[in-house]
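All remarks here apply to the structure that follows.
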Amino acid sequence: MKDVRDVPDVYDPRRYARGVPHEDYRWLRDAAPVAWQDEYEVLGWPAGPGFWAVTRHADVVRVLKDARVFSSCLGATQIRDPDPADLPFVRRMMLNQDPPQHGKLRRIVSGAFTPGRIDRFEARVRERARTLLEAAVRDAEDGVFDLVAAVTDEYALLNLTDLLGVPAADRGLLLDWTERVIAYQDPEEADRLVRGPDGRPVNPRSPAMLGEMFAYARELAAYKRERPGEDLMTALATARTAGEGARLGDAELEMFFFLLTVAGNDTVRSAAPGGFLALAEDPAAQEAMRDVETGRAVEELLRWHPPVLSFRRTVAEDTELAGRKLRTGDKVVVFHASANHDERVFADPHRLDLTRSPNPHVSFGDGPHVCLGAHFARLQLRVLHEEALRVLPRYRTAGPPRRLVSHFINGIKSLELEVG
């Protein structure tokens, strides 16, 4: 039975502009770990059929791991249903595929996305982190600077474009495309939306809205085949699966470029200021950063502030989850920040413990769709915090952060820090 009485609403994207609703997540974990949510019209986006919110860690992991029962392909991976006419297009993306198709494509691209290739970028990433942090402190007015505007936005974007091999003159395009896709729910970004004849906004992930990005991906791939470099786009444009002779087709390459541009940029763009916010609000933890292993501390900061708030699956066959009977075709949405604060898994989950071990957070997902770029994201976050320890004096918030209106990305649009 789909009973919405007394169940907290964790669907409304406007709620997340005030912060992650941890008290409501806790209520759901305790009382209704698989709870029905109405999907009403909001911010001009039409109503949907509703979905099951999954909030306990064990259930989130089960949904993410069991691709046979909980499909990424049937309805894609965003809460809002895509236009049925767009669904075949959306399914070209690896993120929206199930095994075995997903595995075949992932094997091709993972050959290019190796830890060795990523690690070669560390020196460049470190120099960029140090340069941006030093400039932020030097240019701070009365000791205050916006970490997002001065450091983390540019840091994430330039690291990604270096990895991809995007020419410097084109880097602004990637930021614009990312913000168009990620910030579509935020009223402050409404000028980026295109509206249809009925006045409703057009889904920024629809094929009609991605033509410019895809044309650029094709042009860049052709350039890399003629003038190969040590970058990821060269590797992807020429990638073949060992023993299979398979290569990414143009449609697959375009979709993977889209995935990298958006997810590769916004993962670090969201996680980095979230980690600094946690430390700015906890002076003891900020001081402890000097005495702990930075990689382990980054895992705790990721648990505390996952870059992605939710992912959707569609039930492929009747099943049961946490005592709820789910029917074929039902939407199921997992909430990462809730799973990361589940008292059944994490002792004292609302305490920032930079030495926490084990730390089985799901900030990069789990199962077959675990984030392919997690190694690069971890490297960037570790290096940024290592350089911050060298460059930044003690810091604290100079005001509340401005958060993104979104139930998908745990974004921070502005974070003013006061140093000294």
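The values are calculated or read from the model by the stated rules, or taken from the named source; none is laboratory data. Keep in mind the model is a prediction, meaning the values are calculated, not measured. Heads up, the Cβs are rebuilt from the backbone with ideal geometry, glycines too, and the neighbour counts pull from every protein chain shown. Remember, those area values only see protein heavy atoms, side chains included, never the ligands or the DNA or RNA. Shrake-Rupley method; radii C 1.70, N 1.55, O 1.52, S 1.80 Å.
Looking for whichever is in a loop (DSSP other than H, G, I, E, B), touching a helix residue (DSSP H, G or I) at 6+ places or on another chain (Cβ under 8 Å), within 23 Å of His361 (Cα to Cα) and in contact (Cβ under 8 Å) with a residue 24 or more places away in the chain here; the options are Ala67, Ala53. Which one fits?
When all the criteria are applied, what remains is Ala67.
For the structure I just gave you, tell me whether Thr355 is open to solvent by 20 Å² or more (accessible area, probe 1.4 Å), more than 19 Å from Asp146 (Cβ to Cβ) and in contact (Cβ under 8 Å) with a residue 60 or more places away in the chain.
In short, yes.
Taking strands (runs of 3 or more DSSP E) that do not extend beyond the range 276-370, which have at least 1 residues that are over 25 Å from Gly399 (Cβ atoms) and in contact with a Ser or Thr (Cβ under 8 Å, 6 or more places away or on another chain)?
Answer list for the range 276-370: 310-315, 324-326, 331-335.
Anything in the range 146-190 that is open to solvent by less than 20 Å² (accessible area, probe 1.4 Å) and either more than 25 Å from Thr114 (Cβ to Cβ) or among the basic types (Lys, Arg) (or both)? List them, or say none.
Residues satisfying the conditions are Leu147, Val148, Val151, Thr152, Trp177, Val181, Ile182, Ala183, Gln185, Asp186.
Yes or no, residue by residue, for (1) under 22 Å from Val34 (Cα atoms); (2) open to solvent by less than 60 Å² (accessible area, probe 1.4 Å):
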site	(1), (2)
Arg324	yes, no
His361	yes, yes
His385	no, yes
Leu404	no, yes
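Residue by residue, here is whether (1) in contact with an Asp or Glu (Cβ under 8 Å, 6 or more places away or on another chain); (2) open to solvent by 10 Å² or more (accessible area, probe 1.4 Å) holds:
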site: Val7; (1), (2): no, yes
site: Val20; (1), (2): no, yes
site: Tyr25; (1), (2): no, no
site: Phe51; (1), (2): yes, no
site: Val54; (1), (2): no, no
site: His57; (1), (2): yes, yes
site: Phe70; (1), (2): no, no
site: Cys73; (1), (2): yes, yes
site: Asp81; (1), (2): no, yes
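Show the residue pairs that are 6+ apart or on different chains and have beta-carbon atoms under 7 Å apart, the first residue being within the range 112-136 and within 17 Å of Leu417 (Cβ to Cβ) and touching a residue at least 24 places away in the same chain (Cβ under 8 Å), the second being open to solvent by less than 40 Å² (accessible area, probe 1.4 Å) and hydroxyl-bearing (Ser, Thr, Tyr).
Ala129/Tyr155
Inspect all residues belonging to the range 333-346 and state whether any of them is more than 15 Å from the chain's Cα centre (by Cα), open to solvent by 10 Å² or more (accessible area, probe 1.4 Å) and acidic (Asp, Glu).
Looking through the range 333-346, at least one residue is more than 15 Å from the chain's Cα centre (by Cα), open to solvent by 10 Å² or more (accessible area, probe 1.4 Å) and acidic (Asp, Glu).
Among the candidates Ala263, Ala242, Ala271, Ala251, which residue alone is modelled with pLDDT of 85 or more and of a type outside the set (Ser, Thr, Tyr)?
After ruling out the rest, the residue left standing is Ala271.
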